[in-house]
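Quick note: the coordinates plus some simple rules give every number you see, no bench work behind them. Note that the structure is a prediction, hence the values are computed from the model and not measured. No Cβ is skipped: glycine too gets one built from the backbone with ideal geometry, and neighbour counts run over all protein chains shown.
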Amino acid sequence: MARILLIHHSPTESTRRIADAALAAADLPELAELAGGELELVEVAALEPDIDQVLAADAYVLGTTANFGYISGALKHFFDTVYDHVREPTAGRPFAYWIHGGSDTTGAEKAMEAITTGLGWTQAADPVVWIGAVEDSHLEQVTEMTATVMARALE
């Protein structure tokens, strides 16, 4: 069984829609057929880090808003808590992420790249990053990105 963690901080209705779009990947018929029931997508709140969950996962999907030019404090808290414990054992595992910003995502993008590079994770899909309103096209991209990570976890 391949386990993928969806780690995010989604405190608003619009960011919750993004997380729900990621979760929808688990219901895609083509992914279910590929996985043969051997795939699990587990939602994890960034404010509730669990080292054992991260160690037990086969891949990761990360989600954050861009706040004051950086990733959300909740996701930073997650990484601060688990980083040293999971860095070596999880190196090489696939991941991808989304960042939604109101005005600028540059610092948040640099932070995600630096943290995931330090962890040694392998980018499985292009990140989904945008500024402004959450449109259906963004949600579709997040679903597709998540499905790609899930498929890579099966390899």
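Quick notes on this one:
- The sum of -39500 (n - 2.57) across all DSSP H runs of n ≥ 4, divided by the residue count of the chain, sets its helix-only mean residue ellipticity at 222 nm to -14000 deg cm²/dmol.
- Length gained on full extension, Val42 to Glu13, computed as 0.36 nm times the residue gap minus the Cα-Cα distance: 8.4 nm.
- What separates the Cα centres of the stretch 71-95 and the stretch 1-59 is a distance of 15 Å.
- Two-site label geometry, Asp104 and Leu154: point separation in nm, points 7 Å out along Cα→Cβ: 4.2 nm
- Cα shape, the chain, gyration tensor, a/c 1.5 rule: oblate
- Helices in the chain that qualify as membrane-span-like (whole DSSP H runs, Cα extent of at least 24 Å along the helix axis, mean Kyte-Doolittle hydropathy of -1.0 or higher) are 136-153.
- Of Glu43, Glu135, Glu144, the one that fluctuates the most in a GNM where the chain has Cα springs shorter than 10 Å: Glu135
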